[in-house]
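Here the structure is laid out as structure tokens; the discussion comes afterwards.
The values are calculated or read from the model by the stated rules, or taken from the named source; none is laboratory data. Keep in mind that what you see is a predicted model, and the values were worked out from it rather than measured. Using ideal geometry, Cβ is built from the backbone for each residue, glycine included, and neighbour counts are taken over all protein chains shown. Keep in mind that these areas ignore ligands, DNA and RNA; they rest on the heavy atoms of the full protein, side chains included. Shrake-Rupley method; radii C 1.70, N 1.55, O 1.52, S 1.80 Å.
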Amino acid sequence: MEKNMVNLLTADLNLLVALDALLIERNVTRAGARIGISQPAMSSSLQRLRRQFGDALLTRVGSAYELTPLAQVLKEDVGEILRMVERTFDAQAIFDPASSTRSFRVITSDYCLTALSGKLMAMLQEEAPGVQVHFDAVTPLAVERIKETLQNADLMLIPKGHFSGYPHTELFTDNWVCVTGSSSPERTLTVEEMRDARWARLFGAEVDSTLADRRVYDLQLGENTDIIVDSFLMLPFAVAGTARLALVQERLARMLLSVAGVRIMQLPISLPTLVECAWWHPSKSEDPGHQWFRRLVVKAATQLEPVSPQRPLLTTHENKHPDRT
């Protein structure tokens, strides 16, 4: 028997699961929680992995752990190997959603989940009561490491414009509006008001911001930011009771008007239309179960109520003295 086959037969392939969790979390406790084992059991797995590879894999730098050069090489390969093994055992010539107990992992923003969840959950309950969906929050790091992210998830729901080069399908569109806690009636803001206002923003750093936020940055209209949040749902509540402004998707803003006690203000500038998409790794394109799930997400999106067309923009001269009555 060939040496490589002997090594494979004698290896504990369960350690790959532990290795994958450790390389993702870079923390023994969180890695154990990720795969449902105790901290001591995960520590034992880490020691065995270190002996197996003859490498520390995780090294302490200050108060955190960093991956060794070997671990960084392994990280991408291990994730893809596990996904291939999972697809191998889940593979079916015909996917039957009614009897399936498959689990799908979706990375998405709270905004997109809020918009889609009602329709999608109802369809899942009707068509595939045994199927599970695990939703993870999208983060700047997930976008930065997009190849790894798509390898480790079934779908990522994020608008166009943040990356390219991967299979995707369009889900729905939305407009950007400003929300404020001010008692002023709904109207169109002036450019001067945008420039002078204090803002609440998502993530804060320009590199991590939405395409709409970047446009406002480019025009130097929203530089006075004093509140940073890490989810869209928090933005209306962050400006409630103040004259601060925040850019929010129109669907989300109208859902939270009465709950957060905010008002919508139209924008005097043109912002890119949000085109929400579902993205996936090309290795999953032909998987029958994945194809079914993609179709279900698209079907849920098509049932959303359309947003209103963007209002015509006022000229700079017309917008200097808006009617506030």
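Could you tell me which residue of region 115-129 is nearest to residue 255 (Cα to Cα), considering only residues that are open to solvent by 40 Å² or more (accessible area, probe 1.4 Å) and in a helix (DSSP H, G or I)? It comes out as 118.
Residue under question is residue 210, and the condition is that it be without any contact (Cβ under 8 Å) to a residue 40 or more places away in the chain and within 26 Å of the chain's Cα centre (by Cα); does it hold? No: the conditions fail for residue 210.
Selection within region 56-83: residues that are open to solvent by 60 Å² or more (accessible area, probe 1.4 Å), among the acidic types (Asp, Glu) and more than 11 Å from residue 22 (Cα to Cα). The member of this set that is farthest from the chain's Cα centre (by Cα) is 77.
Contact map, region 228-243: residues that are within 13 Å of residue 111 (Cα to Cα) and open to solvent by 70 Å² or more (accessible area, probe 1.4 Å) paired with residues that are part of a helix (DSSP H, G or I) and not hydrophobic (A, V, I, L, M, F, W, C), Cβ distance under 7 Å, separation 6+ or inter-chain. No pairs are found.
Yes or no, residue by residue, for (1) in contact with a Cys (Cβ under 8 Å, 6 or more places away or on another chain); (2) touching a residue at least 60 places away in the same chain (Cβ under 8 Å); (3) more than 22 Å from residue 152 (Cβ to Cβ):
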| position | (1), (2), (3) |
| --- | --- |
| 271 | no, yes, yes |
| 278 | no, yes, no |
| 281 | no, yes, no |
| 292 | no, yes, no |
| 306 | no, no, yes |
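The set of residues in region 244-268 that are surrounded by 16 or more Cβ atoms within 10 Å (Cβ to Cβ) and among the β-branched types (Val, Ile, Thr) comprises 248, 262, 264.
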